[in-house]
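Asker: So that we are looking at the same thing, I have put the structure below in structure tokens.
What follows is calculated from the coordinates using simple rules that are stated; it is not laboratory data. Note that the structure is predicted; figures quoted are calculated from it, not measured. Glycine also receives a Cβ, built like all others from the backbone with ideal geometry; neighbour counts cover every protein chain displayed.
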Amino acid sequence: MNKQQQKAVFSVNGPLLVLAGAGSGKTTVLVNRIANIIRFGNAYADTSANLSEADQQAMRAYLQEETPIPEKVREHLAVLPCAPWQILAITFTNKAAGELKQRLTDMLGNAGKDVWAGTFHSTCARMLRKYGEQLGYSNHFTIYDSDDSRRLMKNCLRDLKIDEKVLACKSVLGEISHAKDSLISPEEYLQNVGNDNRAATIGKAYQLYQNRMKAADAMDFDDLIANAVKLLRQNSSALSYYQRKFHYIMVDEYQDTNHAQYILVKLLAQRSKNLCVVGDDDQSIYKFRGATIENILSFEKTFPDAKVIRLEQNYRSTQTILNAANAVISHNTERKGKTLWTENPVGRKIQTHTALNEQDEADYIGKQILEGVEKGRKFSDYAILYRMNTQSSALERNFVKSGIPYRIIGGLRFYERKEIRDMIAYLSVINNPSDEIRLRRIINQPKRSIGDKTLSVASDLASQIGKSVFYVISHADEFEPLKRTAPKLLQFAKIMQGFMVLNEEKNSSLKELYDEILSQTGYIASLGNPESDEVKDRVANLTQLGTNIQQYEEESGEESSLDGFLEEVSLMTDIDNYDSQADTVVMMTMHSAKGLEFPVIFLPGFEDGVFPGVQAIYNP
């Protein structure tokens with residue numbers, strides 16, 4: 001490690017801001033910092049302090065073997081290193097958290113596995129599984145993904161008689177997400193709408209959306225963080241527990257945190273003050289998701305005694321690339337200021353190519369890749385980064401025609417395929433019968449001749465008696481409006497209740513539960529002709545899901561649970577499944593490429609209106 005990296009590793013106590021430029025070895029710093037804290041605790045020069053007379057007397061008594069060492073002196077001497085579970089490391093992706101824990105395990109053995117390492121979402125979900133009941137949720141609450149949220153909001157807009165042509169579902173969800181990132185509740189939102197009719201309508205949708213999600217014992221991604229903050233603010237025992245638990249807190253990619261995440265970290269670090277944030281003000285690219293660069297720019301104001309360490313030596317790029325990057329970013333006025341440098345060679349010049357249109361551009365890129373492979377490169381050496389996913393279509397056409405293997409990060413993910421979503425919905429309802437959105441998805445998968453009208457009646461009845469829709473379905477013969485369809489509803493409920501019992505059996509595995517779902521529902525048979533290519537693909541996907549479940553159980557051991565598997569799936573991103581060993585060209589947005597590196601990169605669409613986008617041109 002270079003001197004600045006070493007300085008960051010050994011600056012243990014108090015608030016620390018590490019401004020880490022791209023490719024400057026920040027992961028190495030984080031891993032070594034955690035490892036050293038676990039091994040040696042506070043045994044560093046920066047922890048020196050004068051002992052009181054009482055402490056000195058206690059020290060003498062200890063040295064003369066008259067008394068055990070008192071806790072305060074123990075801290076000064078670092079006799080006990082910090083336990084792994086007393087360290088919280090928050091990363092930007094699950095993949096980064098996994099790599100961090102693996103490197104710690106390689107360095108420390110099993111102790112490395114006990115560090116609390118995860119994303120903001122997984123960290124908050126873990127906290128809420130323990131204390132969720134304090135907010136009115138069970139510890140089996142469902143985590144809604146973007147598709148679940150969209151389905152629920154569409155139902156809300158329909159019931160509020162809001163025309164989606166006037167107010168699109170996507171726009172409403174975006175406004176609500178921004179409100180949650182800012183820790184604004186539906187009630188607070190409605191109080192501040194004034195004469196804005198659009199805002200008032202969104203506020204009503206927000207309120208209904210939250211009420212229905214609570215009734216379903218579910219949270220969306222934004223709720224995980226907002227509710228964790230709410231928990232810590234409202235429940236002193238939960239706040240005290242986590243403040244005492246986490247002696248050291250580290251946050252990666254701090255420049256991409258939003259207001260809610262900032263408040264969460266501030267609350268957790270309030271007692272120990274041992275907060276280390278690592279970020280780069282030059283890499284703040286998630287403002288559209290609510291991230292605020294102010295969190296990193298004002299860190300020293302928030303924590304007046306904070307140390308600031310700059311990591312400016314780059315180990316990834318050539319000096320030519322760094323010169324170009326420095327020239328561009330120097331025009332940004334909202335930055336701390338640093339200049340990346342490297343001991344790497346100057347490198348080749350950045351090449352430009354002017355194409356007639358997007359297809360001509362794609363043909364040029366395809367030709368360059370094929371020529372490179374002929375000269376000894378691998379397809380996996382190449383990455384194509386674009387601003388918008390729509391830019392991939394012309395490239396795909398060329399690659400298919402040219403026989404170039406490729407993978408799109410951000411395309412249709414495995415867990416977004418219909419048959420996989422159906423099975424995940426079955427598992428979700430087994431785990432949380434209150435989940436109406438996923439219940440509606442599976443009640444006719446396979447077809448059971450239970451119509452939307454019947455489900456609407458069941459939903460209304462559930463609201464009237466304060467029970468879940470599944471409760472109404474499982475007691476359908478007791479409700480007059482459901483008498484006609486009661487046999488079908490009860491049959492479905494009986495099957496699901498059988499799965500729930502199986503899930504509770506200690507000797508039963510998740511894989512056995514999954515196999516029973518496929519068997520008893522007849523789902524595979526309902527897909528159609530088993531000889532068709534489409535059905536074969538779907539069956540292969542279902543088999544792969546079974547393998548994934550089994551792999552999860554093997555990796556989690558005794559801690560495996562349906563809760564845990566569903567949470568892992570819900571919080572998984574496409575980049576988490578990126579396989580660097582697969583010999584394929586990779587295509588993705590620049591946002592998805594954050595933290596990755598490739599020998600050769602193509603950047604298509606460098607033209608006004610595409611990159612930079614239209615909004616950036618008029619609002620730089």
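Asker: Taking 0.36 nm per intervening residue step and subtracting the Cα-Cα distance, what contour gain separates Met590 from Glu294 on full extension?
Answerer: Working: separation 296, 0.36 × 296 = 106.56 nm, distance 2.22 nm.
Contour length minus Cα-Cα distance gives 104.3 nm.
Asker: Looking at (i) 4, 16, 21, 16, 12, 10, 8, 6, 4, 2, 1, 0, 0; (ii) 3, 13, 22, 25, 20, 12, 5, 1, 0; (iii) 3, 13, 14, 13, 13, 12, 10, 10, 8, 3, 0, which value of P(r) over Cα pairs in 10 Å bins from 0, in percent comes from a calculation on the structure shown?
Answerer: Read-out taken from this structure: (ii).
Asker: Measuring from a point 7 Å past the Cα of Arg150 along Cα-to-C-beta, which residues in the range 164-179 have an amide N at less than 18 Å?
Answerer: Counting only backbone N, you get 164-178.
Asker: Quick one: net charge of Val166's neighbours, Cβ under 15 Å, K/R +1, D/E -1?
Answerer: +3
Asker: Now for a separate question. May I ask what percent, to the nearest 5, of DSSP beta bridges between residues of the chain are antiparallel? Write down the numbers at each step before the final one.
Answerer: Working: 0 of 34 bridges.
The answer is about 0 percent antiparallel.
Asker: On to the next question. How would you rank 210-216, 14-20, highest first, on the average number of other Cβ atoms within 10 Å across their residues? Mind dumping the intermediate values first?
Answerer: Details: 210-216: 18.7, 14-20: 23.3.
Descending mean neighbour count gives 14-20, 210-216.
Asker: Now for a different question. Please give the net charge around Ile34, taking every other residue with its beta carbon less than 15 angstrom from that of Ile34, where Lys and Arg add +1 and Asp and Glu add -1.
Answerer: Working: positive: Lys26, Arg33, Arg39, Lys101, Arg103, Lys113; negative: Glu99, Asp106, Asp114, Asp252.
Result for the neighbourhood of Ile34: +2.
Asker: Ranked by Cβ crowding within 10 angstrom, fewest neighbours first, how are Met572, Met500, Met588 ordered? Before the final figure, lay out each step's value.
Answerer: Working: Met572 18, Met500 15, Met588 23.
Fewest-to-most Cβ neighbours within 10 Å comes out as Met500, Met572, Met588.
Asker: What whole-number distance in Å separates the alpha-carbon centres of the range 117-138 and the range 345-382?
Answerer: Here the two parts' Cα centres lie 46 Å apart.
Asker: If we count other beta carbons within 10 Å of each Cβ, what is the order of Cys124, Cys156, fewest first? Intermediate results must be reported in sequence, preceding the final value.
Answerer: Working: Cys124 25, Cys156 22.
Lowest count first: Cys156, Cys124.
Asker: Using Cα-Cα distances under 8 Å and only pairs 6 or more residues apart, what relative contact order does the chain have, in percent?
Answerer: Working: 812 pairs, mean separation 102.3, N = 620.
So the answer I get is 16 percent.
Asker: Which value in nm describes the separation of the simple spin-label points at Glu531 and Ile495, placed 7 Å from the Cα toward the beta carbon?
Answerer: 2.7
Asker: For the range 370-518, what does the relative contact order come out to in percent, with C-alpha contacts under 8 Å and a separation of six or more?
Answerer: Numbers: 97 pairs, mean separation 21.9, N = 149.
Computed value for the range 370-518: 15 percent relative contact order.
Asker: Could you calculate the contour length gain from Val610 to Val373, that is, 0.36 nm times the residue separation minus the distance between their Cα atoms, to one decimal place in nm?
Answerer: On the way: separation 237, 0.36 × 237 = 85.32 nm, distance 2.91 nm.
Stretched fully, the Val610-Val373 segment lengthens by 82.4 nm.
Asker: Give, as a single signed number, the net charge of other residues whose beta carbon lies under 12 Å from the beta carbon of Lys266, with Lys and Arg counted +1 and Asp and Glu -1.
Answerer: Numbers: positive: Arg233, Arg271, Lys273; negative: none.
Cβ neighbours under 12 Å give a net charge of +3.
Asker: Something else about it: Can you give the helix-only mean residue ellipticity at 222 nm for the chain, where every DSSP H stretch with n ≥ 4 adds -39500 (n - 2.57) and the sum goes over all residues, rounded to the nearest 500 deg cm²/dmol?
Answerer: On the way: 28 runs with 315 residues, N = 620.
So the calculated ellipticity at 222 nm is -15500 deg cm²/dmol.
Asker: Once you have the Cα-Cα distance between Glu555 and Met107, take 0.36 nm times their residue separation minus that, and quote the gain in nm to one decimal.
Answerer: Working: separation 448, 0.36 × 448 = 161.28 nm, distance 1.95 nm.
Answer, rounded to one decimal: 159.3 nm.
Asker: Let me ask something additional. I need the shape label for the range 464-504. Rule: rounded when a/c is under 1.5, else prolate if a/b > b/c, else oblate, with a, b, c from the alpha carbon gyration tensor.
Answerer: Numbers: a/c = 3.90, a/b = 1.53, b/c = 2.54.
Verdict is oblate for the range 464-504.
Asker: Could you list Tyr382, Tyr471, Tyr131 so that the one with the fewest beta carbons within 10 Å of its beta carbon is first and the one with the most is last?
Answerer: On the way: Tyr382 23, Tyr471 16, Tyr131 20.
Going from sparsest to densest Cβ surroundings: Tyr471, Tyr131, Tyr382.
Asker: Classify the range 142-216: rounded, prolate or oblate, from the alpha-carbon gyration tensor (a ≥ b ≥ c, eigenvalue square roots; a/c under 1.5 rounded; otherwise prolate if a/b is larger than b/c)? Walk me through the intermediate numbers first.
Answerer: Working: a/c = 1.64, a/b = 1.17, b/c = 1.40.
It is oblate, given that a/c is not under 1.5 and a/b is not larger than b/c.
Asker: Could you sort 258-264, 329-335 so that the peptide with the highest average Cβ count within 10 Å comes first and the rest follow in order? Write down the numbers at each step before the final one.
Answerer: Details: 258-264: 22.3, 329-335: 12.1.
Peptide ranking by packing, descending: 258-264, 329-335.
Asker: With the Cα gyration tensor of the range 285-364 giving a ≥ b ≥ c as the square roots of its eigenvalues, does the rule (a/c under 1.5 for rounded; else a/b larger than b/c for prolate; else oblate) give rounded, prolate or oblate? Mind dumping the intermediate values first?
Answerer: Numbers: a/c = 3.45, a/b = 1.63, b/c = 2.12.
In terms of gyration-tensor shape, oblate.
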